[in-house]
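Working notes, beginning with the structure itself.
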Amino acid sequence: MAVRQATELQNAAAERRLSSSKSLWQRMWAARWCYLFMLPALILSALFTFYPIVMSWYYSLFQWSGFTADKTFIGLSNYLEVISDKYFWDAFVRSFLFMLVSMPIKLTLALLIAIVLNDQAMRVMSPAFRTMFFLPVVTTAAIIGIMMTFVLSPFNGPINKTLMTLGMISGPIDFLGNPRLALWTVVGVEIWKWLGQPMIYWLAALQVIPQSLYEAAKVDGANWWRQLLHITLPLLIPFAIVIVLITAVSTLRVFPLVQTMTGGGPFFATEVMEVYIYRTAFGSDMGGIGVPRLGYASAAGVVFGVSIMALALLQAWGVRNMRDVRSAMETSGE
Amino acid sequence: MSSNNGISRREFLRTASMIAAGGVLMACAPATVAPAAGPTATPAPYVKGDIRIVPSGVQLPTEKVTFRWLDSGDTKAVFWKQFFAKYQEAYPNITVQYDGLPWNEIGKIVPLGIQNGNLHDVFSIPQGITNAQAYTEGWLMPYDDLLPDLAEIKAKYPPGSFVEGINVFDGKTYCLPHATSKRTSTMLLYNQDYLQEAGYDPSANVMTWDDYRAAAKKVTENGKGQYYGVIIGGNQLNRWGAVVRDLATFAGVPTVGSTLDDMNLLTGEYNFTTPEYIAAMELLLAMRDDGSFFPGYLSINAPQARAQIAQGGAGMILQGLWCLPQWKAENPEFNWNTAHTPLADPANVMPLHVSVAVGTEMWIYAKSELAAIAADIMHYWTSLEGQLAWNKVAGVSDPGYMVEAMETASDDPRELKALETQNGMYRVGPSPLIRNLDVAMVNQELRAVTPNFNEVIQGLMAGQIEGVQQQFQDLQDRANAELDRAIKAAQDKGANVSRDDYVFSNWDPKNDYTEADYAAA
């Protein structure tokens, strides 16, 4: 084994020497097919991801409605106003509160479902259940939001009717109109809607765990619970880091659901960051006085984006960590 | 409201419109049926309200062209799809691309089209942009060189329709409005069965605020949990402002729509702390405490509220006449009626106000090479025949500007009466922007205060904030501070403007504010 590794290292070093002796153009030409296949994704990313990001940085330095050619450079004034706006920080805190409540519940439930569906005994029924849990994920969030306003309605809504029929409540509950309940109701719907996504991630992770480990444990007399505690969960940790971070970032992006279910109300009770940005950028079409403020909204978006970027950096660190553990697992498997 | 002596207003309107329409159509008929150089389609017998392609005399292109039209859709889409089908049939070389899009899409497409120089030939100005801004930015083309009979066309409009700074700039006419601005969103629409059962007939006797509250309570009691007194789309913020504002305006504090909402232009002060605004808010809170509101009113929007009332969920809603066609189509069994908005004191009623008598929506793009087609279409649309055709499609939702053309808006006497009531609610009020174009620079600086009027009302109704007087005073202070800041910012940019521009001391709110009044002011 040591001989094979040494040979591989020698070959890799030789390749590096050879490639470094070529010019950049020669190396690109040699890999031209790779670049060609990357091109469409690169163009689309440049147009719809990188360009808008850069432009939002640029616009955040201007007082601009977004409609006219008349832009006034105001430096960092928008940022100063953003960080001194109580409603910005309320929305900021609400977004992270939303994420901190939704994510653990969603991940735990998704993991439990994934473990059950991954069980050999569920092999036949697993695809049907998997589809059932994944269907809300592929359904448009705005449609789910609108449907849920009917489902949760205190007037003839099926949830209230059921609870009242069962005698669990004496009068209907205004899930979305009660400021104390509205945010948590949206969190509940969000968990249901996106539960299937981490479930698929967990399933993928579970399927990476070598079956031989379970077989060996069975031979040693370990029951299902001990296998879960001593094999499944420890080996899922590196994947968990990535899944947690992906889910955290996606839970911060709940605009269509909140906008369709509550519009950020009542009286800002469900205004998360994206709704705040939308309100400041385009909010005057809902009857308020005042011009749209795309520059200001861009500044709010940049501040929020930086905080999400911090999470993404954590994610990158997690991915690297996971790769190390995975390669160690593969090495030990060999 | 209506007199029992002699001819009623509705009968008079109907008779006058029939005479006027008949006269105009007779005068037009020979020239419009089979034009020599115009459409080639065989003329069919004309029935009032039919869409018919009538040449305007404008020289149209003869080569193959694609004419593009962008507006906010809805009723317009229904009309234009029918009209453009006939227009393309009459002029086979003209292909029309009609884009009826939501306002937020228009807000994206128009700036892009302007930047790229390829905006639609006819377009709507996005919300948040004033007409004056669009003119200053060079987006618009005037009609003066396109329509030789422009003066005759303008003469048919009611007073206060063409105003410098709104649709006329530097003496040139940039917009031919098609529909009346006098449309309220707070007419009392109700379930006739529920109100009769409760002992009320709002269409015969205008409701006072006390009647309104008592009726809502009684309907709720009668409903026993199956239906409620009133409903509102409380998740849609602008509904709150509209209801409180109109209740308070009718009670005595004037405000002019499309200028600076909630400002009394007699004094130049915001109305939030007036006894009328506070009383209107307290009326809603009292009705909430009575339990008269439909459960979940804070989490439904206006269309959902509209649907619920037609399905028997509530007895009354303060909404616009655009609800009626939908109810007739989707809930034909629903026994509805309409009445004047409830009044604090029926003996002393302040009218609602608009700054311009007719809505200004469609504009010709300054760089359009097919402006002749736009002018030809506008010539038809704003004629009596075009207005009859428009009203036949738009109905009571978005009636045209010509009173003579109302007869095709509906064959339902309840709707015709509602249109008459609505028209009678309004007067033309003054506009700071019309008197001083520099006010547009203040509008460009003015930022929304948070929470705004709509949000404060929603917060009070939801119980998240308390104390009407205290909250409205806070709002008044913030609104004043923001207006002062915006005026200062505009002044710094060279605008000649001050708080005095928001005071019209010669305004009599019970009468139309005319050009003579502007001159005198």
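Here, each number is a calculation from the coordinates, and none is a lab measurement. Everything quoted here is computed from the prediction, not taken from an experiment. When we count neighbours, we look across all protein chains shown, and the Cβ atoms used for this are built from the backbone with ideal geometry, even at glycine.
Figures for the structure shown
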quantity	calculated
Förster radius 30 Å - calculated FRET efficiency between A:V319 and A:L39, Cβ distance, rounded to 0.05	0.75
Karplus 3J(HN,Hα) series, Hz, for the stretch B:425-441 with 6.51 cos²θ - 1.76 cosθ + 1.60 (x for Gly, Pro)	6, 10, 10, 7, x, x, 9, x, 5, 5, 6, 9, 4, 5, 4, 4, 5
Phi to ³J(HN,Hα) by Karplus 6.51 cos²θ - 1.76 cosθ + 1.60 over the stretch B:110-122, Hz, x for Gly, Pro	5, x, 5, x, 5, 4, 8, x, 10, 5, 3, 5, 10
Across B:K76/B:K488; B:K86/B:K154; B:K367/B:K488, pairs whose alpha-carbon gap is larger than 32 Å	B:K76/B:K488; B:K367/B:K488
Neighbour cut-off at most 15 other Cβ (10 Å), DSSP loop, GluC sites (Glu not before Pro), the stretch B:429-521	B:E466
q = 0.18, 0.19, 0.21 Å⁻¹, the stretch A:142-263: log10 I(q)/I(0) [Debye, one scatterer per Cα]	-0.91, -0.96, -1.09
Charge tally in the Cβ shell below 12 Å around B:S383, where Lys, Arg are +1 and Asp, Glu are -1, B:S383 excluded	-3
Charged-residue dipole, Cβ positions (Lys, Arg, Asp, Glu), the protein assembly as shown about Cα centre, Debye nearest 20	3060
Size of electric dipole in chain B: Cβ of Lys, Arg +1 and of Asp, Glu -1, about Cα centre, debye, nearest 20	760
Compactness relative to 2.2 N^0.38 Å, alpha carbon Rg of the stretch A:183-334	1.46
Nearest-0.05 FRET efficiency for A:A312 and A:K86, computed from C-beta distance (R0 22 Å)	0.20
Of every Cα-Cα pair in chain B, the percent that sits beyond 39 Å	28
Residues B:D492 and A:I53, FRET efficiency given R0 of 25 Å [Cβ-Cβ distance, rounded to 0.05]	0.15
Trypsin sites (Lys or Arg not before Pro) within the stretch B:305-369, DSSP loop, no more than 15 other Cβ atoms inside 10 Å	B:K367
Folded to 0 to 90 degrees: helix B:468-492 orientation relative to chain B principal axis, Cα	40
Debye log10 I(q)/I(0) at q = 0.21, 0.23 Å⁻¹ for the stretch B:331-435, Cα point scatterers	-1.20, -1.26
Estimated distance in nm for a label pair at B:L101 and B:A329, the labels positioned 7 Å out from Cα along Cα-to-Cβ	2.3
B:V206, B:V122 arranged by Cβ crowding within 10 Å, fewest neighbours leading	B:V206, B:V122
Expected 222 nm ellipticity per residue - DSSP helices of 4 or more, -39500 (n - 2.57), all of chain A, to 500	-23000 deg cm²/dmol
Pairwise label distance in nanometres, A:E215 with A:W29, each label 7 Å out on the Cα-Cβ vector	5.2
37 Å tail of the calculated P(r), chain A, as % of Cα pairs	39
Degrees, to the nearest 10: B:384-394 long Cα axis against longest axis of chain B	50
Degrees, to the nearest 10: B:453-462 long Cα axis against longest axis of chain B	40
Those trypsin sites (Lys or Arg not before Pro) in the stretch B:126-221 that DSSP places in a loop and that have at most 15 other beta carbons within 10 Å	B:K156
Chain lengthening between A:V116 and A:F73 when straightened (0.36 nm per residue, less Cα-Cα)	9.7 nm
Shape box of the stretch B:295-350 [Cα atoms, principal axes, largest first, Å]	38, 26, 16
Label-point gap, in nm, between B:R499 and B:D484 - each point 7 angstrom along Cα→Cβ	0.7
More than 35 Å apart - percent of Cα-Cα pairs taken over the protein assembly as shown	59
